[in-house]
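To start, the structure itself, in structure tokens.
The values are calculated or read from the model by the stated rules, or taken from the named source; none is laboratory data. Here the structure is a predicted model, which means the values were calculated and not measured. All Cβ positions, even for glycine, are placed from backbone atoms using ideal geometry, and neighbour counts span all protein chains on display. To get the accessible areas, we keep the full protein, side chains included, count just its heavy atoms, and leave off ligands, DNA and RNA. Shrake-Rupley method; radii C 1.70, N 1.55, O 1.52, S 1.80 Å.
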Number of protein chains: 4
Amino acid sequence: MATEMSIQAAFQEVMAASGEIPPKQQQVLTASLALFAEQGFANTTTKQIAERAGVAEGTVYRRYKTKDELLAAVLAPFTTEVLPKLVKEFAAKVVRQKYTTRHALITAVITDRLAFLQDNSQVMRVLVTELLVRTDLREQFLARAVPMVQANLYPILDQLKAVQELPDWPNDRIAQFMIGTMVSQFIRSSFTAEPVATVGPLMIQFLEQGLAPEPTA
Amino acid sequence: MATEMSIQAAFQEVMAASGEIPPKQQQVLTASLALFAEQGFANTTTKQIAERAGVAEGTVYRRYKTKDELLAAVLAPFTTEVLPKLVKEFAAKVVRQKYTTRHALITAVITDRLAFLQDNSQVMRVLVTELLVRTDLREQFLARAVPMVQANLYPILDQLKAVQELPDWPNDRIAQFMIGTMVSQFIRSSFTAEPVATVGPLMIQFLEQGLAPEPTA
Amino acid sequence: MATEMSIQAAFQEVMAASGEIPPKQQQVLTASLALFAEQGFANTTTKQIAERAGVAEGTVYRRYKTKDELLAAVLAPFTTEVLPKLVKEFAAKVVRQKYTTRHALITAVITDRLAFLQDNSQVMRVLVTELLVRTDLREQFLARAVPMVQANLYPILDQLKAVQELPDWPNDRIAQFMIGTMVSQFIRSSFTAEPVATVGPLMIQFLEQGLAPEPTA
Amino acid sequence: MATEMSIQAAFQEVMAASGEIPPKQQQVLTASLALFAEQGFANTTTKQIAERAGVAEGTVYRRYKTKDELLAAVLAPFTTEVLPKLVKEFAAKVVRQKYTTRHALITAVITDRLAFLQDNSQVMRVLVTELLVRTDLREQFLARAVPMVQANLYPILDQLKAVQELPDWPNDRIAQFMIGTMVSQFIRSSFTAEPVATVGPLMIQFLEQGLAPEPTA
DNA sequence: GATGAATGAGCTTTCATTCAT
DNA sequence: AATGAATGAAAGCTCATTCAT
């Protein structure tokens, strides 16, 4: 099961959709994302961005009035376009296929979303780093992401709980364990550049066992 | 079970070890840690540090010749003093108590290490953020931490595997799942300021189930 | 007595004189004048001008190659067209009507020129401000204006001095007192937005008394 | 009658009084005033200021966080220190000497205040130019200056009106004519660099006649 | 040791000006 | 003629670092 869409692809789509985003501005966004991921936002200068993008420094400021706006523009597609689409596509697929076991659910989540994380490690990295440091971004992101996960993942969890496929734990904990297990993989591969492929089956098994309902005594 | 040592205590020790303990330098370190945790290293100015520490800007440079050295000094106790001591104390305790079930191991890890993360959330936060961004720090940290975990945790894991208390997975994966589950909690509480206490039992159960050995057919 | 010519009218004339009248250029000049008057020349950007004029930024540069040329174009009608015409018309009228009392002269000056200042307060403001700051403009302006006043006003003053209607002061002083009294009114209304109409009679009386010849003992 | 205090002197006094204004900061203020007067605020760069002051560019920003604050600091002594002192000293002197004729009053005003304007032509020039262009500064200045003049000059005018030494015009008009006549001289000398000394007697006579009460029929 | 004024390299940002379309 | 994206020199400003006191 392949990733439906990477952030880069989303960039392209958004730009093409708007129709009016000049190519140089795309180069600026692409260069910004790459540099932010490599060095962090604060350690990246607008001069570096201009050089990498092959444009003049003034061009960086043509569409985005400040460096902060540039960061927002780089991260925006993730929260406003990609994340909703991914969550909804995922939910739709799960619902369509009427997963009735946690095995099926977890397999879907891991294979699908892990590949997504992998494909978008650049943006993920920028996002995680900045969320750790910027209160405003964090609140803005959580305000969008949390309800989205609640609306799309929680009903599925409730369903599986009803058929004894999941323990009677709070949904946010179950989600935390799933997401946490994946993020741990993301951070690890971000550190050590190891191939993700191998960990998939193990992770599925770990989660499947970990999220098994307690044996009804 | 209380934390054996917090970073603040470690600061004291490091200070004591280096002979003299200029109180102003202690204030500088404390202020730096707090500000780096709040705003990130790159977004913190030496002026802010001086103000919060109640010293002149020049004083910040008395002991540490650059801002980078200050970051190193803030993080050093963690990698050079706290982390080794913690891992070793933990291993010693485990060995001493001859844990023969993963339940006992996981309970010990979660209650003990989670409290530790909690107590040192400031340094943890600075550490995680900077490790994501600075290649040099990352390599340096991994070069120290990985062998340490390997030397102290892996033998215990092997032992438990031998008595069918853990599945026959690579040790680094088992460690990843345990650490990842804890770090996910750290990041979550870092984002939402929820009390950690409540999650303990659930986390133990999740890990215990997740790390159960596959039923030998 | 109405103003013979306002700057807006002068713009039209200058435009007509130069053959074609591109309406967009007219908009550019009008917008420039308004913005220079509101914010000063140096604080106004070509982007603001383009926006207010409803044209693209490049269009601003179609006729005027630099921003300085634009300032010159805004001020030019005043010194090259309006001022000469006004002074000469004034002189002609005075001569035609054979004013033989300073009362008649001052009344004519005040009612006529004060209305003129009022109608062209925008250009006046830009002119005064820039003359205070730009040495080159100042010299250029004085080189044109001073001789003009000398040629047209001084003979009339001499005439009135001859019939004891004016004191035997240097003409430049008499002119200074008259002009200064009017300019003071212009600056005041520019600051406080008060209606000019009311001050007319008082100003006439003040000047008439102030410029009375010393009683011949 | 000499000027009691020039702006430059006021600078010195304020600086000396505060005690804590380092010499380099004085150089910055002095250089700023000179350059603003020569070229206008907007046309002066912080680099020029640093060069003229003989300091590094960063030093310009040590005490004043923005260029605007520097302008405020340059003009502040005028409104907060010099203007009040001058108006009050003047009023005190007038009252002390019990002027009962407008001749005495006008002579005092002209000789005294004209010299003041002359001595402080630099600051005056910056002040006038910026008041023409900056709405905020203008309101702030008027809010201070107008009441001050009203409180100190108007009673004296009322007194002279009572003894038929001044016409029954609104005080603000009388003040306008006096101030306007002086400002006209200031602007003229600012343009042409002529010596002021010579115009004194003529100006006194002009004002004295202009402000004579209407002959009671 | 401690101070904080001073430094200046380098950053973000602005904006008059150009030019392919 | 008109457009507006692109330019890049130069402006305002920041801040880690130094050093005389």
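Looking at A:Val146, A:Val126, A:Val183 in this structure, which one is surrounded by fewer than 15 Cβ atoms within 10 Å (Cβ to Cβ) and closer than 30 Å to B:Gln122 by Cβ?
Being surrounded by fewer than 15 Cβ atoms within 10 Å (Cβ to Cβ) and closer than 30 Å to B:Gln122 by Cβ holds for just one of A:Val146, A:Val126, A:Val183, which is A:Val146.
Can B:Leu105 be described as touching a residue at least 12 places away in the same chain (Cβ under 8 Å), open to solvent by less than 20 Å² (accessible area, probe 1.4 Å) and under 30 Å from A:Gln122 (Cα atoms)?
The answer is no for B:Leu105.
So which pairs qualify, if the first residue must be in the stretch A:153-165 and surrounded by fewer than 17 Cβ atoms within 10 Å (Cβ to Cβ), the second must be aromatic (Phe, Trp, Tyr), the Cβ gap must be under 7 Å, and the two must be at least 6 apart or on different chains?
none
Tally time: how many residues in the stretch A:97-128 are more than 25 Å from A:Ser32 (Cα to Cα) and part of a helix (DSSP H, G or I)? Steps first, please.
Taking the stretch A:97-128 and keeping what is more than 25 Å from A:Ser32 (Cα to Cα), we get A:97-112.
Now restrict to residues that are part of a helix (DSSP H, G or I): A:102-112.
Within the stretch A:97-128, residues that are more than 25 Å from A:Ser32 (Cα to Cα) and part of a helix (DSSP H, G or I) number 11.
Where in the stretch D:38-96 are there helices (runs of 4 or more DSSP H), lying fully within it, with 2 or more residues that are more than 13 Å from the chain's Cα centre (by Cα) and within 8 Å of DNA strand F (Cβ to nearest atom)?
On the way: elements: D:46-53, D:57-63, D:67-76, D:83-96.
Ranges flagged: D:46-53, D:57-63, D:67-76.
Does C:Gln140 meet the test of being closer than 30 Å to C:Thr192 by Cα and open to solvent by 70 Å² or more (accessible area, probe 1.4 Å)?
Spelling it out, it is not the case that C:Gln140 is closer than 30 Å to C:Thr192 by Cα and open to solvent by 70 Å² or more (accessible area, probe 1.4 Å).
For the stretch A:37-64, what are the residues that are buried (at least 16 other Cβ atoms within 10 Å of the Cβ), within 14 Å of another protein chain (Cβ to nearest Cβ), of a type outside the set (A, V, I, L, M, F, W, C) and within 9 Å of DNA strand E (Cβ to nearest atom)?
If the condition is that a residue be buried (at least 16 other Cβ atoms within 10 Å of the Cβ), within 14 Å of another protein chain (Cβ to nearest Cβ), of a type outside the set (A, V, I, L, M, F, W, C) and within 9 Å of DNA strand E (Cβ to nearest atom), then A:Thr44, A:Tyr61 are the ones that fit.
Looking at the stretch D:119-136, is at least one residue basic (Lys, Arg) and within 16 Å of DNA strand F (Cβ to nearest atom)?
Yes, the stretch D:119-136 contains a residue that is basic (Lys, Arg) and within 16 Å of DNA strand F (Cβ to nearest atom).
Which of the residues belonging to the stretch A:26-36 are near DNA strand F (Cβ under 9 Å from one of its atoms) and open to solvent by less than 10 Å² (accessible area, probe 1.4 Å)?
Answer for the stretch A:26-36, where residues must be near DNA strand F (Cβ under 9 Å from one of its atoms) and open to solvent by less than 10 Å² (accessible area, probe 1.4 Å): just A:Val28.
Quick check on my filter: what residues within the stretch D:188-208 are modelled with pLDDT of 75 or more and open to solvent by 40 Å² or more (accessible area, probe 1.4 Å)?
Of everything in the stretch D:188-208, those that are modelled with pLDDT of 75 or more and open to solvent by 40 Å² or more (accessible area, probe 1.4 Å) turn out to be D:Arg188, D:Pro201, D:Gln205, D:Glu208.
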